[in-house]
Every structure is written in C-alpha cells, then in structure tokens.
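Participant: Quick one: structure below, then a few questions.
The values are calculated or read from the model by the stated rules, or taken from the named source; none is laboratory data. Note that the coordinates shown come from a computational prediction; the quantities given were computed from them, not determined experimentally. So basically every Cβ, Gly included, is an ideal-geometry build from the backbone, and we count neighbours across all protein chains shown.
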Amino acid sequence: MTSSPLPKSSTTPSSPGSTAFRHVDLLVGPGVFVPRPETELLAGWAIERLEGKSVAVDLCTGSGAIAASLADEAPWARVHAVELDPMAHHWASRNLAGTTVDLRLGDMADAFPDLDGTVDVVTCNPPYIPLEAFESVAPEARDHDPSLALWSGQDGLDAMRVLERTAARLLRPGGWVGAEHADVQGEAAPAVFSATGRWSEVRDHRDLAGRPRYVTARLAR
Ligand SMILES: C[S@@+](CC[C@H](N)C(=O)[O-])C[C@H]1O[C@@H](n2cnc3c(N)ncnc32)[C@H](O)[C@@H]1O
C-alpha cells in the first residue's frame with residue numbers, strides 16, 4: 001500500500017457541526033463519517049444517470065450526503081437510502097428530514113427487497129480500507145472515524161462484493177451502479193464487477209487530482 005486510502009479531510013468531528021456537500025448543508029458529529037469532496041463526483045455522475053429515470057438507491061448512506069444531493073438535484077426521482085450504524089442513521093435522519101428520501105436502518109446486503117429489479121441507479125460509498133493498511137491510515141482518522149465506515153476486510157473489498165450482489169438484485173436490466181473506492185483499487189474494484197459476468201460497460205473514473213476514485217457498471221440486459 002503506497003498511498004493512504006483515506007484523505008485527511010474525512011475525520012469525524014468531536015463536536016456537532018455542519019459541512020457542505022454539492023448544494024446541500026449537512027449536520028455531522030460524533031458517530032458519522034464526514035462526507036468529502038471526492039464523493040461529490042460520484043453524486044454528480046448519479047444525477048446525470050437519473051435524467052429521465054425515476055428510482056435511486058444510496059447504500060451505506062452515512063450522513064445521507066449522496067441521497068440528499070440526489071433529492072436536491074434530481075427532484076423528479078424517488079430516492080431510497082440505507083445505513084447500518086444507528087448513530088450514523090441518526091445523523092442521516094436529521095439531514096434527510098424535510099426531503100422525500102425513504103431512509104431505512106439496516107444492512108445493505110438484504111436492503112429494499114420491495115425494490116428488487118426496479119431501480120434505475122444505485123450509488124454507494126462503502127467502507128474500503130484494507131485491514132492490512134491499518135498502519136498507513138492517519139491516526140486521527142483511525143482512532144476517531146466510526147470503524148464501520150472505514151474497514152472492509154483483508155483487501156478492503158468485502159463491502160464492494162456485497163454491494164455488487166445487492167446492486168445486481170435491485171437494478172432493472174440496463175440500470176447503473178456507481179461505487180467509490182480507494183485510490184489504490186482502480187483495477188481491483190472494477191474487477192469485482194467484471195468477474196461476475198453480469199455487468200457491461202464496467203469503467204473506472206478518476207477524481208480531480210487524477211486518482212482512481214469510483215467505478216461504474218451497467219447491469220446486463
Ligand atoms: C465511508 S462511509 C460513507 C458515508 C456516506 N455515503 C458518504 O459518502 O459520506 C461508509 C458508511 O457505510 C456504512 N456501512 C458499513 N457497512 C454497511 C452495511 N453492510 N450496510 C449499510 N451501511 C453500511 C457505515 O456505517 C458508514 O456510514
């Protein structure tokens with residue numbers, strides 16, 4: 001691991017405050033991962049994909065950042081979001097109050113069975129840091145960010161594998177998934193999708209600093 005998978009800007013604050021994400025202001029505080037600028041690109045991609053479409057799901061919603069942006073910038077769409085950690089879910093429920101987002105508390109693995117095969121766009125910024133990278137992660141993030149938001153098995157891709165299966169279940173044929181990953185996973189994250197044979201147009205995208213940042217794929221028709 002030559003590069004820290006977690007930008008320094010993503011530490012959890014020790015006291016409540018607010019942060020901007022695209023065109024929305026979000027409340028953040030202890031127990032929730034602070035959304036970071038890189039993730040705005042994934043949200044922007046999803047908003048473009050939702051043009052003329054109607055159903056979006058944001059898995060691992062954390063503060064609700066991506067879901068709030070979809071509701072704000074694609075107001076014609078029905079947006080659903082799920083979060084496993086009760087503390088993070090609490091922050092998301094505050095941030096999504098007053099929107100039409102359907103927020104649920106639960107595991108993305110079995111989330112939204114009522115939406116199977118009907119979703120147009122799935123987004124996810126999952127935990128993606130390999131346990132083996134523990135030493136390379138900034139101590140302020142390691143010690144203060146919720147561990148559920150950071151670690152994802154030995155290679156950092158356990159959550160990516162779960163989200164691949166969940167997205168395949170939720171999406172209609174031809175629907176799209178977009179998922180953020182660590183900058184060192186520019187080949188490994190797309191390979192999670194390519195390896196299953198159920199996706200077309202698997203493509204990786206770079207952030208504004210030129211680093212691999214998110215993968216998109218389309219469920220085969
Ligand atoms: C890296 S944070 C991203 C949060 C938010 N989407 C963002 O971009 O700021 C990952 C989030 O996924 C949640 N999470 C981890 N495993 C999950 C699971 N199996 N199902 C649902 N949420 C999960 C964590 O609690 C955390 O809030």
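Participant: Considering only the stretch 154-168, how many residues are within 14 Å of the ligand (Cβ to nearest atom) and either assigned to a helix (DSSP H, G or I) or farther than 24 Å from Glu83 by Cβ (or both)? Full working, then the answer.
Facilitator: Filtering the stretch 154-168 down to residues within 14 Å of the ligand (Cβ to nearest atom) leaves 156-167.
Still in the running and either assigned to a helix (DSSP H, G or I) or farther than 24 Å from Glu83 by Cβ (or both): 158-167.
Going through the stretch 154-168 one residue at a time, the tally reaches 10.
Participant: Give, as residue ranges, the helices (runs of 4 or more DSSP H) completely inside the stretch 61-153 that count at least 2 residues that are within 17 Å of the chain's Cα centre (by Cα) and of a type in the set (A, V, I, L, M, F, W, C).
Facilitator: Numbers: elements: 65-73, 86-96, 139-144, 147-150.
Ranges flagged: 65-73, 86-96, 147-150.
Participant: Something else: Mind listing whichever residues of the stretch 12-60 are polar (S, T, N, Q), under 15 Å from Ala81 (Cβ atoms) and either surrounded by fewer than 19 Cβ atoms within 10 Å (Cβ to Cβ) or in contact with a Cys (Cβ under 9 Å, 6 or more places away or on another chain) (or both)?
Facilitator: Within the stretch 12-60, the first condition is being polar (S, T, N, Q), and the residues that meet it are 12, 14-15, 18-19, 39, 54.
Filter once more, so that each one left must be under 15 Å from Ala81 (Cβ atoms): 39.
Of everything in the stretch 12-60, nothing turns out to be polar (S, T, N, Q), under 15 Å from Ala81 (Cβ atoms) and either surrounded by fewer than 19 Cβ atoms within 10 Å (Cβ to Cβ) or in contact with a Cys (Cβ under 9 Å, 6 or more places away or on another chain) (or both).
Participant: Now a separate question. Let me confirm something: among Ser63, Ser93, Ser69, which residue is more than 23 Å from Met160 (Cα to Cα) and either among the hydroxyl-bearing types (Ser, Thr, Tyr) or within 8 Å of the ligand (Cβ to nearest atom) (or both)? Break it down into steps so the answer makes sense when it comes.
Facilitator: On the way: Ser63 fails: more than 23 Å from Met160 (Cα to Cα); Ser69 fails: more than 23 Å from Met160 (Cα to Cα).
Within the list Ser63, Ser93, Ser69, the selection yields Ser93.
Residues are listed down the side, and each one gets a yes or a no for (1) touching a helix residue (DSSP H, G or I) at 6+ places or on another chain (Cβ under 6 Å); (2) within 10 Å of the ligand (Cβ to nearest atom); (3) closer than 21 Å to Ala43 by Cβ:
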| residue | (1), (2), (3) |
| --- | --- |
| Leu105 | yes, yes, no |
| Gly117 | no, no, no |
| Phe134 | no, no, no |
| Arg142 | no, no, no |
| Ser152 | yes, yes, yes |
| Gly178 | yes, no, yes |
| His181 | yes, no, yes |
| Gly197 | no, no, no |
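Participant: Among the listed residues Val202, Val162, Val184, identify the single one that is modelled with pLDDT under 95, surrounded by 14 or more Cβ atoms within 10 Å (Cβ to Cβ) and among the aliphatic types (A, V, I, L, M).
Facilitator: Working: Val202 fails: modelled with pLDDT under 95; Val162 fails: modelled with pLDDT under 95.
After applying the criteria, what remains is Val184.
Participant: Quick check on Ala195: is it modelled with pLDDT of 95 or more, surrounded by fewer than 21 Cβ atoms within 10 Å (Cβ to Cβ) and hydrophobic (A, V, I, L, M, F, W, C)? Break it down into steps so the answer makes sense when it comes.
Facilitator: Details: modelled with pLDDT of 95 or more: yes; surrounded by fewer than 21 Cβ atoms within 10 Å (Cβ to Cβ): yes; hydrophobic (A, V, I, L, M, F, W, C): yes.
Criteria met by Ala195.
Participant: Give me the pairs: first residue in the stretch 47-61 and at positive phi, second residue within 13 Å of the ligand (Cβ to nearest atom) and outside any loop (DSSP other than H, G, I, E, B), beta-carbon distance under 8 Å, and six or more apart or on different chains, which are they?
Facilitator: Hits for this filter: Cys60/Val82; Cys60/Glu83; Cys60/Met108; Cys60/Cys124; Cys60/Ala159; Cys60/Leu163.
Participant: Surrounded by 12 or more Cβ atoms within 10 Å (Cβ to Cβ) and in contact with a Leu (Cβ under 7 Å, 6 or more places away or on another chain), is that true of Leu148?
Facilitator: On the way: surrounded by 12 or more Cβ atoms within 10 Å (Cβ to Cβ): yes; in contact with a Leu (Cβ under 7 Å, 6 or more places away or on another chain): yes.
Criteria met by Leu148.
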